[in-house]
Structures are given as structure tokens and as C-alpha cells.
Amino acid sequence: MKKFSFALLLLSISQFAHSQESVDELLELLGGRQNAIKLQQQFVINVTARNPELKPYEAVLRNWAQEYFTWEAVSHELEIIYTSHYSDQEIQDLLEFYRTPTGRKSIELMPILFREGAKIGTTISKRHEAELRVRLSKAMQVQQSQ
């Protein structure tokens with residue numbers, strides 16, 4: 001019985017390692033390391049945009065981001081996210097797809113598609129901003145009168 005339990009433990013560890021390797025490969029295919037660098041850069045841009053007084057300290061912010069937003073730190077968290085949303089078979093399916101020419105093209109186009117999609121939201125919001133202001137104003141008046 002002990003040998004059987006030990007064999008099951010080894011099998012589950014082996015399957016975990018295999019699925020972890022698959023997730024690592026998927027993250028690499030999706031440009032994980034480059035995205036970690038972009039995350040570092042975006043952090044500095046976002047912080048200094050929201051806090052202009054920190055602009056003279058960009059080097060400090062950049063060094064901090066380079067120290068803590070490393071691929072090693074980010075990849076572990078991403079592995080948890082991916083394994084909580086995808087089964088091992090789905091990870092394998094994604095790997096198969098992203099290894100194809102269409103899959104590689106989709107990886108390249110993903111940031112562009114997201115950016116263009118976000119522009120649609122911004123355009124629609126601006127187009128109907130006056131209407132939103134009217135609705136918010138009415139809602140605030142109703143709430144204040146209560």
C-alpha cells in the first residue's frame with residue numbers, strides 16, 4: 001500500500017511538473033519576458049503621469065521596477081492565473097495553436113487589437129459624454145434631495 005501511495009505521489013508530481021513546463025512554454029510564446037520589461041517601463045510612465053512631482057526620480061522608480069517586476073516574479077503569478085483558468089489539455093491546445101503561423105500572427109497582433117479596441121471605447125465615450133454628464137447630474141440631484 002505504501003508503494004502504491006508513493007507511486008501516486010510521484011505520478012502527481014510528474015504531471016504537475018509537466019503542466020508547469022507547458023504553462024512556462026505558453027508564457028514564453030506569448031512574449032512573457034518582453035512583457036515584463038514593458039511592465040517595468042509602463043509602471044514608470046504611469047507613476048510619473050499621475051505624480052508629476054516624481055518625474056525627477058524616474059531613475060529610482062525604474063531601478064525599483066527592474067528589481068521587483070522581474071520575469072521570475074511575474075511568471076510565477078501568471079502561472080497561477082493560467083492554471084486556475086485553463087486545464088492541462090487547454091494549455092496544450094493553446095500551445096498547438098500559438099505554434100502555428102496564425103497563432104504567431106495572433107500574438108503579434110494582440111496588442112494592436114487591444115489598443116484599437118480600447119480606442120473604440122474612448123471614441124464612444126467621448127461621443128456620448130454630454131449625455132452621461134446629464135444623467136449623472138440628475139442622479140446626483142435626486143440623491144441630494146433625499
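Odds and ends about this structure:
- Extending 7 Å from Cα along the Cβ direction at Gln66 and again at Ala139 yields two label points whose distance is 4.5 nm.
- Of [x] 8.1; [y] 16.8; [z] 15.4, the label for mean projected area of the Cα convex hull in nm² derived from the coordinates: [y]
- Extension gain (nm, one decimal) between Leu95 and Gln34, 0.36 nm per residue minus Cα-Cα: 20.1 nm
- Residue among Gln143, Gln92, Ser106 farthest towards the positive dipole end of the chain, charges placed on Cβ: Gln143
- Spin-label proximity, Asp24 to region 35-72 - amide N less than 12 Å from point 7 Å beyond Cα toward beta carbon: 72
- In order through region 72-80: 3J(HN,Hα) via Karplus (6.51 cos²θ - 1.76 cosθ + 1.60), integer Hz, x for Gly, Pro: 4, 6, 5, 4, 4, 5, 5, 4, 4
- Gaussian network model of the chain, Cα within-10 Å springs - most flexible of Arg33, Arg135, Arg115: Arg135
- Against the main long axis of the alpha-carbon atoms of the chain, helix 88-98 sits at an angle near 70°.
- Residues Ser87, Ser75 arranged by fewest to most Cβ contacts within 10 Å: Ser87, Ser75
Computed from the coordinates by the stated procedures, all read-outs in this text should not be read as laboratory data. Given the structure is predicted, the values throughout are model-derived calculations rather than measurements. Glycine gets a Cβ as well: all are built from the backbone with ideal geometry, and neighbour counts include every protein chain shown.
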